[in-house]
Amino acid sequence: MKIFLDTANISEIRRAAEAGLIDGVTTNPTLLARASGGKDAKEIFKEIAEIVDGPVSAEVVGLDAETMLSEGQRLAELHPNIVIKVPLTEDGLKACRQFRAEGIGVNVTLCFSPLQALLAAKAGATFISPFVGRLDDIAADGMQLISQIRQIYDNYGMETEILVASIRHPQHVVESALMGADCSTIPPKVLWQLAKHPLTDKGIDAFLEDWKTLGQDL
Ligand code: E4P
């Protein structure tokens with residue numbers, strides 16, 4: 001499963017890229033507003049795309065297909081790694097089909113139902129982003145959506161990649177991998193938690209204590 005970092009924070013992206021942990025980055029307008037510090041959004045997308053060797057999702061803000069297309073075409077020119085993020089609306093699907101005809105990668109976002117995911121795949125989306133955490137927030141079952149989309153895509157050999165989004169904790173990542181999601185986009189705080197285990201820390205402490213008794217250097 002590919003791991004994407006869900007942030008526009010450059011230092012977190014650098015840290016994760018240097019650790020060799022990420023295959024791409026996703027952003028959205030909220031994440032940009034949090035990280036921009038007054039910097040131009042297009043500059044941030046470019047900077048991220050230069051750091052990461054993989055797809056970087058940049059979201060359009062227009063609501064009609066025509067505006068989405070002109071915004072997306074400008075964003076796609078910034079760097080070959082840029083993938084255009086469009087919302088799962090009728091206009092978003094229309095723009096998706098056109099971007100794909102032009103050879104531009106598309107991430108269809110704000111997916112909350114298996115039928116929306118089916119339509120995105122039929123529109124040729126590169127990625128579909130089902131938001132599991134936001135479904136859990138309203139007492140629905142976010143991970144059940146992933147399993148439904150996996151089954152539908154497999155039934156018809158649909159190549160759109162399932163990019164699990166709105167991840168809140170490591171268990172979402174475990175279940176995504178078990179269900180065969182293609183990618184998970186993970187907030188930095190959760191990414192760093194993935195490598196942690198108290199028994200690993202305890203084991204290191206015990207080994208170092210025992211090593212000291214040898215009184216040797218390596
Ligand atoms: C990523 O593509 C999504 O925009 C993001 O995962 C949404 O996460 P949130 O529900 O925590 O805002």
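The values are calculated or read from the model by the stated rules, or taken from the named source; none is laboratory data. Nothing here was measured: the structure is a model prediction, and the numbers come from that model. Here the Cβ positions follow ideal geometry from the backbone for every residue, glycine too, while neighbour counts run over all protein chains shown. Accessible surface areas use protein heavy atoms only, side chains included; no ligands, DNA or RNA. Shrake-Rupley method; radii C 1.70, N 1.55, O 1.52, S 1.80 Å.
With a/c under 1.5 counting as rounded, go ahead and sort the stretch 137-212 into rounded, prolate or oblate using the C-alpha gyration tensor (a ≥ b ≥ c being the square roots of the eigenvalues; past the cut-off, prolate if a/b is larger than b/c, else oblate). Provide the component values of the computation, followed by the final result.
Working: a/c = 3.51, a/b = 2.48, b/c = 1.41.
Note, shape of the stretch 137-212 comes out prolate.
With θ taken as phi - 60° and the coefficients 6.51, -1.76 and 1.60, list the Karplus ³J(HN,Hα) couplings across the stretch 93-109 in order, rounded to whole Hz; mark glycine and proline as x.
Running phi through 6.51 cos²θ - 1.76 cosθ + 1.60 with θ = phi - 60° gives 5, 5, 5, 4, 4, 5, 4, 5, 5, 8, x, 9, x, 10, 10, 8, 10 Hz.
For the stretch 141-152, take each phi angle, set θ = phi - 60°, evaluate the Karplus expression 6.51 cos²θ - 1.76 cosθ + 1.60, and give the result in whole Hz per residue in order, putting x for glycine and proline.
10, x, 6, 5, 4, 5, 5, 5, 5, 4, 5, 4
Expressed as cubic angstrom per residue, what is the convex hull volume of the alpha carbon set of the stretch 75-179? Before the final figure, lay out the partial values.
On the way: hull volume 11.1 nm³, N = 105.
About 106 Å³ per residue, rounded to a whole number.
Number of Lys-Lys pairs in the chain under 29 Å by Cα, sequence gap 8 or more or different chains?
Lysine pairs meeting the criterion: 23.
What is the distance in Å between the Cα centroid of the stretch 117-154 and that of the stretch 57-94?
So the two Cα centres are separated by 20 Å.
Just the C-alpha atoms of the stretch 15-76: what Rg/Rh do they give, with Rh taken as the Kirkwood radius?
1.00
In square angstrom, what is the accessible area per residue of the chain with a 1.4 angstrom probe?
The answer is 52 Å² per residue.
Pop the C-beta distance of D64 and T30 into the FRET formula with R0 = 25 Å and round what comes out to the nearest 0.05.
Numbers: r = 21 Å, r/R0 = 0.86.
It comes to 0.70.
Kirkwood hydrodynamic radius, the stretch 1-157, all distinct C-alpha pairs: what's the number in Å?
Across the stretch 1-157, the inverse of the average 1/r is 16.0 Å.
For I186, what residues show an amide H to amide H distance below 5 Å, using hydrogens built from the backbone and excluding near sequence neighbours?
F4, L5, D6
Using alpha carbons only, how many degrees (0 to 90, rounded to 10) separate the axis of helix 170-179 from the longest principal axis of the chain?
Result, in degrees: 60.
Counting only protein heavy atoms and a 1.4 Å probe, tell me what percentage of the chain's accessible area is made up of carbon and sulfur.
53
What are the residues whose amide H is under 5 Å from the amide H of K85, where those residues sit 5 or more places off or on another chain and H is modelled from the backbone?
It is A58, E59, V60, N107, by chain and number.
How large is the dipole of the chain about the Cα centre if only Lys and Arg carry +1 and Asp and Glu carry -1, each at its Cβ, rounded to the nearest 20 debye? Don't skip to the end; give the middle numbers.
Details: 20 positive and 30 negative charges, 45 e Å.
The dipole magnitude comes to about 220 debye.
If you count, for each residue, the other Cβ atoms within 10 Å and average over each peptide, how do 79-86, 38-45 line up from highest to lowest? Kindly include the intermediate steps, with their values, before the conclusion.
Values: 79-86: 21.9, 38-45: 14.2.
Those peptides, ordered most packed to least, come out 79-86, 38-45.
For the pair E102 and Q216, how long in nm is the line joining their label points, each one 7 Å along Cα→Cβ?
Once both label points are built, they end up 6.4 nm from each other.
Could you give each residue of the stretch 204-216 its phi-based ³J(HN,Hα) in whole Hz, using Karplus coefficients 6.51, -1.76, 1.60 with θ = phi - 60°, and x for Gly or Pro?
Karplus-based 3J(HN,Hα) across the stretch 204-216 equals 4, 4, 5, 4, 5, 4, 5, 4, 4, 5, 6, x, 10 Hz.
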